[in-house]
């Protein structure tokens, strides 16, 4: 590509626009958040972050996101597998609908799920005789996070399954491996990096999710109050320092997750290149 | 095939069991919420829809929310499209130190909670923020609880969309045609408009539509900077929340169904773009005696 740098014009212009826009919209505002948090003393910061209410919110946000991500890992893997390997009526439609949580605004998803799972809703009314309440409980938070996280797993795993060469399976099968052994020992290791990446992406998205959760959660302090909602509440009470402290903790954890995904992808790319 | 067929797939009951699971899961978790939106919107007939646009207070508020959402999304998408095209050109046409870092930084807004995206602008431009007092003293227009804040928060949240869609497409198209145009004497702008753009237009269109859908539907970030002033800074998603909390479910779902239609249209365009790509690949494959150059890998 060294030649094209000399041939194609526009390097200075596009570099300038990209860096300036990135700086103005993303980097300076995020730096302002970090700068604001340094105006708190360490005791203040620690006191806010470890207060009972904040810890409960973090626990719920990360706990519900982890449960939802694991559910999506299993469901997403099965859906990706069926879409790639089987031909069944409605396959194209299912494939298109998977992206719905990306396309549907979070507030719309929130009110739709709440209406479905409320005690008088279509699904809630069926569950109530069984003693299961979904809306306005932690289970409701998990349900909303399952909804928004599903496409991350499916769309990460699907292309990897499509790429696995048929020779791998044929070789294993002709050497006498049973189908279960082939799936667990040949296919699963190949798809594992994608499964972990997709699950981590779903988890990261779920931790910060706001719109689809606040309607179904009921927002009871200390019980169904997620961390992003706590930021909003603190902000509405003009507790800027508290809001900032919670936000910084969430930001650091999200970036750590993003970094982990990047390293994982680089590692699996290198492994793939070595094996071929 | 050397191995028996039965060993290369699962028993029939496993296959049909998995397919049934997929159809059930997708129906229950994805399709049913969508059905619930339209059912809620039409439960009281067309009257609710018409009420959104009549002269009553509610109708005026809904119309204002729609107009505001369209203007905020319009500005944000235009800005991010310009940025996305610049970033894609930079990151696919040149190799330079820091390129990988830029690629990662562009994705950063995906990892930030929308609430935090709103918060950072309150901290910058709110009255107690870094620039708030200075801006008030110099009588600059208000940012927070006003249109500029809504636009800024939306731009932040939709920042990566156009660039993300465009980068793989421009990488795959390669630079041969652009270099040929350059050698033949074309200038930078004419290369972009007459060579690059026709090659990548479908990727660009899909990126813009994805960006618009997300911008119209953004809730968390906009909610933090809006101040919820009815008839002034209430975008359509915020208006849905207010109606819902006031137990005006039918009106709330009517507004929600408008945004759902935008979402469905996005999915439709995605299918269309994928179909066109398959068509192009098939056409390229059929011209066997003149194979296209293989896509260039980074």
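The values are calculated or read from the model by the stated rules, or taken from the named source; none is laboratory data. All values derive from a computational prediction rather than experimental measurement. Methodologically, a virtual Cβ is constructed for each residue, glycine included, from the backbone with ideal geometry; neighbour enumeration extends over all protein chains shown.
What to note about this one:
- Applying the criterion of being in contact with a helix residue (DSSP H, G or I) (Cβ under 6 Å, 6 or more places away or on another chain) and at the interface with another protein chain (Cβ under 8 Å from one of its Cβ atoms) to the residues of segment A:87-98, the residue that is nearest to residue B:10 (Cα to Cα) is A:88.
- Listing of helices (runs of 4 or more DSSP H) fully contained in segment B:191-298 that carry 2 or more residues being at pLDDT below 85 and surrounded by fewer than 18 Cβ atoms within 10 Å (Cβ to Cβ): B:249-286
- Qualifying residue in segment B:95-103 (condition: part of a helix (DSSP H, G or I), more than 9 Å from chain A (Cβ to nearest Cβ) and under 28 Å from residue A:120 (Cβ atoms)): no
- Residue B:40 being under 30 Å from residue B:150 (Cα atoms), over 25 Å from the mean Cα position of the chain (by Cα) and facing another protein chain (nearest Cβ under 8 Å): yes
- Against the conditions (1) within 13 Å of chain A (Cβ to nearest Cβ); (2) at pLDDT below 95; (3) in contact with a helix residue (DSSP H, G or I) (Cβ under 8 Å, 6 or more places away or on another chain); (4) in a helix (DSSP H, G or I), residue B:23 satisfies every one except (2).
- A count restricted to segment A:218-245 and to residues that are touching a residue at least 40 places away in the same chain (Cβ under 8 Å) and within 9 Å of chain B (Cβ to nearest Cβ) stands at 5.
- Flag if residue A:202 is crowded, with 21+ Cβ neighbours inside 10 Å and without any contact (Cβ under 8 Å) to a residue 40 or more places away in the chain: no
- Within segment A:169-199, the set of residues being in a helix (DSSP H, G or I) and within 11 Å of chain B (Cβ to nearest Cβ) comprises A:169, A:170, A:171, A:172, A:173, A:174, A:179, A:180, A:181, A:182, A:183.
- Helices (runs of 4 or more DSSP H) contained entirely in segment A:209-276, each with at least 3 residues that are under 19 Å from residue B:223 (Cα atoms) and within 17 Å of the chain's Cα centre (by Cα): A:211-217
- Those helices (runs of 4 or more DSSP H) of segment B:114-175 in which 2 or more residues are surrounded by 24 or more Cβ atoms within 10 Å (Cβ to Cβ) occupy B:114-125, B:147-157, B:161-173.
- For the criterion of being at the interface with chain B (Cβ under 10 Å from one of its Cβ atoms), more than 20 Å from residue B:117 (Cβ to Cβ) and surrounded by fewer than 21 Cβ atoms within 10 Å (Cβ to Cβ), residue A:81 passes.
- Lone qualifier among A:107, A:80, A:75, A:57 - being touching a residue at least 12 places away in the same chain (Cβ under 8 Å), under 19 Å from residue A:253 (Cβ atoms) and under 23 Å from the mean Cα position of the chain (by Cα): A:57
- Among the residues of segment B:169-209, those that are over 23 Å from the mean Cα position of the chain (by Cα) and without any contact (Cβ under 8 Å) to a residue 12 or more places away in the chain comprise B:179, B:180, B:182, B:183, B:184, B:185, B:186, B:187, B:188, B:189, B:190, B:193.
- When residues of segment A:2-38 are limited to those that are at pLDDT below 85 and surrounded by fewer than 13 Cβ atoms within 10 Å (Cβ to Cβ), the one farthest from residue B:130 (Cα to Cα): A:3
- Filter result for residue A:147 (in contact (Cβ under 8 Å) with a residue 40 or more places away in the chain and in a helix (DSSP H, G or I)): yes
- For segment B:43-59, a residue qualifies if it is in contact (Cβ under 8 Å) with a residue 24 or more places away in the chain and surrounded by 15 or more Cβ atoms within 10 Å (Cβ to Cβ), and the qualifying residues are B:44, B:48, B:49, B:51, B:52, B:58.
- Conditions (1) surrounded by fewer than 14 Cβ atoms within 10 Å (Cβ to Cβ); (2) at negative phi; (3) more than 10 Å from chain A (Cβ to nearest Cβ); number of the one not met by residue B:14: (3)
- Residue within segment B:215-226 that is more than 24 Å from the chain's Cα centre (by Cα) and facing chain A (nearest Cβ under 9 Å) present: no
Condition check ((1) more than 14 Å from every other protein chain (Cβ to nearest Cβ); (2) more than 30 Å from residue B:250 (Cα to Cα); (3) buried (at least 19 other Cβ atoms within 10 Å of the Cβ)) across all residues:
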| position | (1), (2), (3) |
| --- | --- |
| A:58 | no, yes, yes |
| A:75 | no, yes, yes |
| A:100 | no, no, yes |
| A:110 | no, no, yes |
| A:125 | no, no, no |
| A:137 | yes, no, no |
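- Test: residue in segment B:41-57 that is assigned to a helix (DSSP H, G or I), at pLDDT 85 or above and touching a helix residue (DSSP H, G or I) at 6+ places or on another chain (Cβ under 7 Å): yes
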